[in-house]
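The values are calculated or read from the model by the stated rules, or taken from the named source; none is laboratory data. Quantities reported herein were computed from a predicted structural model and do not represent experimental measurements. A quick note on method: Cβ atoms are made from the backbone with ideal geometry, for glycine too, and the neighbour counts reach across all protein chains shown.
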Amino acid sequence: MQSLRELISQTASKIVIEAEPCASAEESWNLLSGALRTSIETYIPHKATKSRESAPWISKQLRKRTTCRDRAYTKNKQRGKIEDEQRFQHQPTCAERAE
């Protein structure tokens, strides 16, 4: 298997030496982009992510209320205002009642 450095040096020599002096910029770009695509696919690892599925017992409404509660908590912690604390204190009861 070829190393990344060897691939890059071969691509550079193709572009500089093998390209004709009157070759268009598009042809040079196609050589370079093709080599880059190949090297990315070969040498850069790609992590497969898991699809994010929510639990079936959490409804859309409950998820929305939980998000609202979490935002109120964050605002309360960051700003520390009385209105934010009251809003946060009210949120958990809303999330618990949603079914």
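Tally the residues that are among the hydroxyl-bearing types (S, T, Y) and more than 15 Å from H90 (Cα to Cα), restricting the search to the range 58-77.
Residues flagged as among the hydroxyl-bearing types (S, T, Y) and more than 15 Å from H90 (Cα to Cα) within the range 58-77 amount to 1.
How many residues are modelled with pLDDT of 80 or more, of a type in the set (K, R) and either assigned to a loop (DSSP other than H, G, I, E, B) or surrounded by 12 or more Cβ atoms within 10 Å (Cβ to Cβ) (or both) if we restrict to the range 46-68?
Selection size over the range 46-68: 3.
Name the residue that is surrounded by the fewest Cβ atoms within 10 Å (Cβ to Cβ), counting only residues in the range 1-45 that are part of a loop (DSSP other than H, G, I, E, B) and at pLDDT 80 or above.
P45
Among (1) of a type in the set (A, V, I, L, M, F, W, C); (2) under 30 Å from I8 (Cα atoms); (3) at pLDDT below 75, where does A98 come up short?
(2)
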